[in-house]
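This report refers to the structure that appears directly beneath it.
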Amino acid sequence: MLIGEVARRSGVSARMLRHYESLGLVRPTGRTGGGYREYADEDIRRIFHIESLRSLGLSLRDVGRALDDPGFTPAELVADLIRETRERVARETELLTRLDRIGAAQPADWEDVLQTVAVLRALRSESAGRRQRAALSAVDDPPVPVEALVAAVLSESDPHVAGALRWALAQSGDGGPALLAEGLASRDAEVRKRAVLTLTEIPGDEVTALLRGALTGEDPAVRGYAALELAARGMTEAVPALIDMVVEELRDVDAADALSALAGSPASTDRIADGLVGRLAHPDSGPAVRRRLAQALADIPGATTTRALEKLSRDEDRGVAVTAEYLLGRRAPD
């Protein structure tokens, strides 16, 4: 079979077939009387083998070794190809993400593009100060896309930079809460914490709904931040989680303050008092738990609270009894 026919059937150009021959990868079996290259069936099969190995990313040098070296083993080479391919995919993915973010900024001209690129680079800087300045400038025209701000805040470990990023997201309008909701579902506890902290600084019904959903999550830190923010927004759904925080000594002082603020509403006073008193009766409520519950009861008005503190003032544990007696003395008459 002549080179033109081989090229047509294999899809490999005649020029590339000559290149393969120059490298010793394929040697035509013979020549015609006119001196033209003539390929046998075995040569055609070798060409297909070459193309198959090239499709895996092997260099022509490695293709030759794979076909001709009896001692050649593919395992190490394939492992290297997997690593290189993953690195290439990561680079391409990063480029695509960057382009998406620049496109989302809707640049009016190349000056806008360059400015957006500069801010995106600064957000990935090793310098915390530079990242913070980039976050504070992210709301300028053209604004940094919300996706970039969310990615930055979920990966930021410096508290000052994180604060600036949360501020920028609160100014950025729509889109942030939905992306942060994905962070709440992360397997990484730090990412979940950063997501909920960022949500607490964004107003609106959408965020309130997400925080309500976080109350049922498995991460106690996320539940705690969500409960405190919901309480600040006047949402009594946070009461059970706040009582859990008091019991578990998880920001228990903040939780007690939040319960006190919610108890300012007569409709929620009894619910809070009953919840705290109910936990006092729990068999696992040891002296330390009872003392924290007594402190949480201190600023909750009503006869239920007073009776509970009077009972605690006679507690078998001296520390609990003294605490309850002191708190009773500070209470205004019901």
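Read-outs: derived from the displayed coordinates by stated rules, not from any lab. Note that the coordinates shown come from a computational prediction; the quantities given were computed from them, not determined experimentally. Because the Cβ atoms are built from the backbone with ideal geometry, glycine has one as well, and the counts that use them run over all protein chains shown.
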Expected sort for THR306, THR323, THR32 with the fewest Cβ neighbours (10 Å cutoff) up front is THR32, THR306, THR323
Per the charge dipole of the chain (beta-carbon charges, Lys/Arg positive, Asp/Glu negative, Cα centre), the residue among TYR225, SER22, THR269 reaching farthest to the positive end is SER22
Applied in sequence order to region 242-256, the curve 6.51 cos²θ - 1.76 cosθ + 1.60 (Karplus, θ = phi - 60°) yields integer Hz couplings, x standing for Gly and Pro, of 5, 5, 4, 5, 4, 4, 8, 6, 10, 6, 5, 5, 4, 5, 5
Between GLU206 and SER157, the FRET efficiency computed from the C-beta separation at R0 = 35 Å comes out, to the nearest 0.05, as 0.85
Once phi for every residue in region 326-331 is put through the Karplus expression 6.51 cos²θ - 1.76 cosθ + 1.60 (θ = phi - 60°), the whole-Hz ³J(HN,Hα) values, with Gly and Pro written as x, are 4, 5, 4, x, 8, 6
Surrounding charge for ALA128, neighbours by C-beta under 11 angstrom, Lys/Arg +1, Asp/Glu -1, total 0
Sorted by chain and number, the residues with a modelled amide H under 5 Å from that of LEU2, at a separation of 5 or more or across chains, are TYR39
In a Gaussian network model of the chain with springs linking alpha carbons closer than 10 Å, the residue among ALA134, ALA267, ALA256 that fluctuates most is ALA267
About its Cα centre, the chain carries a charge dipole, from +1 on Lys and Arg Cβ atoms and -1 on Asp and Glu Cβ atoms, whose size in debye to the nearest 20 is 800 debye
From fewest to most C-beta neighbours within 10 Å, the residues ASP41, ASP270, ASP252 line up as ASP41, ASP270, ASP252
Per the rule of 0.36 nm per residue minus the C-alpha distance, extending LEU114 to ARG86 adds in nm 7.2 nm
The chain: Kirkwood hydrodynamic radius (Cα pairs, Å) comes out at 26.0 Å
Here the convex hull volume per residue of region 3-72, taken over Cα atoms and given in Å³, is 87 Å³
Fewest-first ordering of ARG291, ARG307 by Cβ atoms within 10 Å yields ARG307, ARG291
Computed over region 79-202, the Cα gyration tensor eigenvalues, each multiplied by 5 and square-rooted, give semi-axes in Å (largest first) of 23, 21, 14
Karplus-derived 3J(HN,Hα) from phi for region 202-208 (6.51 cos²θ - 1.76 cosθ + 1.60, θ = phi - 60°), whole Hz, x at Gly and Pro, runs 10, x, x, 5, 4, 5, 4
